[in-house]
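Shown next, in structure tokens, is the structure this report addresses.
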Amino acid sequence: QPNGGLLVFPATSGGDPRVLTTPDTAAGEVSHRWPLVLPDGRNVLYTVWGRNGNRGARIATVSLETTGTRPLGLAGTFPLGIVDGMLAYADSAQRIMLVPFDAVRVRVTGTPQLGEQGQVSVAGAAKAALSQTGTLLYQSPLSALMDLVIVDAVGRVKRVLPGERESFNDPRFSPDGRQIAVTIL
């Protein structure tokens, strides 16, 4: 949206979108990015992007019902999802982080811990995807040509997907978790 906030589009009735968030420019906010609707369908996690880019990014939440916005106290960007009470997101050091998260009360309940070393674009997008069953797919930062690797929720490699090493970008799981869409540069 022109002011850099998040919009909600009516899915069934059509019509005009409504403004969900508006960046606080006086506080240095530039835009709100990477929304992730929580399983309750009522709350959204998103990235608050500031003038310092990845270094100043933080994760907040907003209610779709009340539009009440609340910071979560997490320095990071690109919320990936919640599996087994753990929120996965990216940080400014290009790591996939995990933090205990109460999805009912919509709050962090513990200390962030390192999940995997991944890639994060200068725009704050994690080059990773998390399936609804907890499978994490991420792009390795070690090479321009890489394998796609699937790991479990605690970071153990489950398998390397077959195929040639490529310059993969922006992996995403299908809703059933059985297929992966990826851009090859």
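Quick notes on this one:
- Cross-chain or 6+ apart pairs with Cβ under 7 Å, the range 26-41 first and among the acidic types (Asp, Glu), then surrounded by 13 or more Cβ atoms within 10 Å (Cβ to Cβ) and not in a strand (DSSP E or B): GLU29/PRO23; ASP40/ALA103
Let's see how each residue does on (1) assigned to a strand (DSSP E or B); (2) open to solvent by 40 Å² or more (accessible area, probe 1.4 Å); (3) of a type in the set (Phe, Trp, Tyr):
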site	(1), (2), (3)
GLY4	no, no, no
GLY15	no, yes, no
HIS32	yes, no, no
PRO39	no, yes, no
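- Number of positions in the range 17-30 that are over 15 Å from PRO79 (Cβ atoms) and open to solvent by less than 40 Å² (accessible area, probe 1.4 Å): 4
- Residues of the range 41-67 that are assigned to a strand (DSSP E or B) and either open to solvent by 40 Å² or more (accessible area, probe 1.4 Å) or small (Gly, Ala, Ser) (or both): GLY50, GLY53, ARG55, GLY56, ALA57, ARG58, ALA60, SER63.
Condition check ((1) hydrophobic (A, V, I, L, M, F, W, C); (2) part of a loop (DSSP other than H, G, I, E, B); (3) at pLDDT below 80; (4) surrounded by 12 or more Cβ atoms within 10 Å (Cβ to Cβ)) across all residues:
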{"residue": "GLU116", "(1), (2), (3), (4)": "no, no, yes, yes"}
{"residue": "VAL122", "(1), (2), (3), (4)": "yes, yes, yes, no"}
{"residue": "LEU142", "(1), (2), (3), (4)": "yes, yes, yes, no"}
{"residue": "GLY163", "(1), (2), (3), (4)": "no, yes, yes, no"}
{"residue": "ARG172", "(1), (2), (3), (4)": "no, no, no, yes"}
{"residue": "ASP176", "(1), (2), (3), (4)": "no, yes, no, no"}
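- Restricting the range 98-112 to residues that are open to solvent by less than 20 Å² (accessible area, probe 1.4 Å) and part of a strand (DSSP E or B), the residue that is farthest from GLY124 (Cα to Cα): PHE101
- Scanning the range 89-122 for residues being in contact (Cβ under 8 Å) with a residue 40 or more places away in the chain and in contact with a Lys or Arg (Cβ under 8 Å, 6 or more places away or on another chain) gives a total of 3.
- Taking the criterion of being at pLDDT below 90 and among the acidic types (Asp, Glu), the only residue of the range 6-33 that qualifies is ASP16.
The values are calculated or read from the model by the stated rules, or taken from the named source; none is laboratory data. Note that the structure is predicted; figures quoted are calculated from it, not measured. When we count neighbours, we look across all protein chains shown, and the Cβ atoms used for this are built from the backbone with ideal geometry, even at glycine. Heads up: the accessible areas ignore ligands, DNA and RNA and are worked out on the full protein's heavy atoms, side chains in. Shrake-Rupley method; radii C 1.70, N 1.55, O 1.52, S 1.80 Å.
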